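What follows is one structure encoded as structure tokens, with my remarks underneath.
The values are calculated or read from the model by the stated rules, or taken from the named source; none is laboratory data. Everything numeric in this text was worked out from a predicted model, so none of it was measured. Every residue, glycine as well, gets a Cβ built from its backbone with ideal geometry; the counts of neighbours run over all protein chains shown. To get the accessible areas, we keep the full protein, side chains included, count just its heavy atoms, and leave off ligands, DNA and RNA. Shrake-Rupley method; radii C 1.70, N 1.55, O 1.52, S 1.80 Å.
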Amino acid sequence: MRVDDFHRILIRNDPVTGLRAAFAIHDLTLGPALGGVRRWAYPDDNAALADVVRLARGMTFKNALADLPFGGGKSVIIAPGAGSEKAGPPASPVTEAQLQQFGRWLEELGGEYVVAEDVGMRVADLACMAAETNFVTGIGRGGRGGNPGPRTAQGVFIGMQVVAERLGFAGLAGIRVAVQGLGNVGMALCDLLHRAGAILVVADIDAAKVAHARVRFGAATLPVGELLAADVDIIAPCALGGAITPQLAATMTARGIAGSANNQLAHAAVGKLLRNRGILYAPDYVINAGGVISAGLEYLGGDGFESKVREIGPRLVRIFDEAQASGSTEADVADAMALEILRRPALDEVA
Ligand code: NAD
């Protein structure tokens, strides 16, 4: 794991509440770090650290490309698991005392890091932290923002419209989309897709959510392990990272990928595999920025979410154009664009 480019990485333990958390503050070039807190059970602390480091670096790129005055950071609450060797949902809910302790740790960071929701966290959890600190967003402060999940879905939907157009479809009506993960983002995305006339196939490890999508959207269902390889037009990974493995990239039949999960490609070489097979990949952090745009504006007390989220469309078109012209992967083009923005302040100072 490479961490030499990080501003700060911390592991905190509180024996009183039993709270354990890792904070990774990657880059503060553009402003304080903004990124979600994930609550998950990990097989060991190295796995938790690897997750938070990868996610935090991604936030730097996401915030830069979304034109937000924030750096990149992320945190994970290391939750007790069900005793399995694998990562998975926590075995018990977070307590109010733990959330307040997390809030005090945020306060101690002095504003270097501002937190919003990620996997396993609800608006009510963040509101509980906010009793201890102001460095919390995504709680609907000042009537803005609130739960970032549906806002993220909005951006992913815009990204998927661009992907569909590029694939030669006239719109999303009648397109077959496989949505993996029916959480805050995935369910809201299904709603938007259903209203646009898309045909849905879904999977989640939570059977109740699958049943809900079947009733509400007429969605077909598949076992979790089969969904992304299904005979559909576009897949939308909206669960956890690493969903696009080399094996899936080599065999999948869908022609496009547009989902919310962070770090969807298992590693960078997968992007090349997709490109060689003519599969169009909308880089995750480009199209899943709706939530952080909403959370960032809430924190700053700013307006203009709708126009800012709409910028995702033309941004993605530019990425696809450049990737096509240069032969680079879509992910590499997005990274290069973000790095250019990150280096800009330094150039301004020189000038
Ligand atoms: P969530 O916790 O609300 O939902 C995640 C869902 O995925 C849950 O329903 C869970 O049961 C399901 N799941 C977990 N493992 C699965 C598997 N192997 N197969 C199928 N389903 C599985 O989380 P969310 O907020 O909806 O976020 C979803 C993804 O989008 C995450 O990767 C997150 O980092 C990313 N993301 C979220 C936001 C946001 O605003 N919430 C913003 C940007 C990116």
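The calculated FRET efficiency for Thr251 paired with Ile205, based on their beta-carbon distance and R0 = 22 Å, is about 0.50. Most simply put, the chain has about 35% antiparallel DSSP beta bridges, counting only bridges with both residues inside it. The string of couplings for the stretch 10-23 from the Karplus curve (6.51, -1.76, 1.60, θ = phi - 60°) is 10, 10, 10, 10, 10, x, 5, 8, x, 7, 10, 8, 10, 10 Hz, one whole number per residue in order, with x for Gly and Pro.
Rounded if a/c is under 1.5, else prolate if a/b beats b/c, else oblate: with a ≥ b ≥ c from the C-alpha gyration tensor eigenvalues square-rooted, which is the stretch 111-179? Verdict is prolate for the stretch 111-179.
Using the Karplus relation 6.51 cos²θ - 1.76 cosθ + 1.60 with θ = phi - 60°, the per-residue 3J(HN,Hα) values for the stretch 295-301 come to 5, x, 5, 4, 5, 7, x Hz, with x marking Gly and Pro.
The phi-based Karplus calculation (6.51 cos²θ - 1.76 cosθ + 1.60; θ = phi - 60°) puts the 3J(HN,Hα) values of the stretch 117-127 at 6, 9, 3, x, 10, 10, 4, 4, 5, 5, 4 Hz, whole numbers, x for Gly and Pro. Shown are Leu167, Leu189, Leu222, whose ranking by accessible area with a 1.4 Å probe and every protein chain present, most to least, is Leu222, Leu167, Leu189. Highest mean first, the peptides 37-43, 126-132 sorted by other C-beta atoms within 10 Å per residue fall in the order 37-43, 126-132. The order of the peptides 54-64, 173-183 by mean Cβ neighbours within 10 Å, most packed first, is 54-64, 173-183. Of all aspartates and glutamates in the structure, those lying under 19 Å Cα to Cα from Lys86, and not within fewer than 8 positions of it along the same chain, are Asp44, Asp45, Asp51, Asp204, Asp206.
Based on C-alpha pairs under 8 angstrom that are at least 6 apart in sequence, the stretch 198-335 has a relative contact order of 16 percent. Highest average first, the peptides 277-285, 137-145 ordered by how many other beta carbon atoms sit within 10 Å of their residues are 277-285, 137-145.
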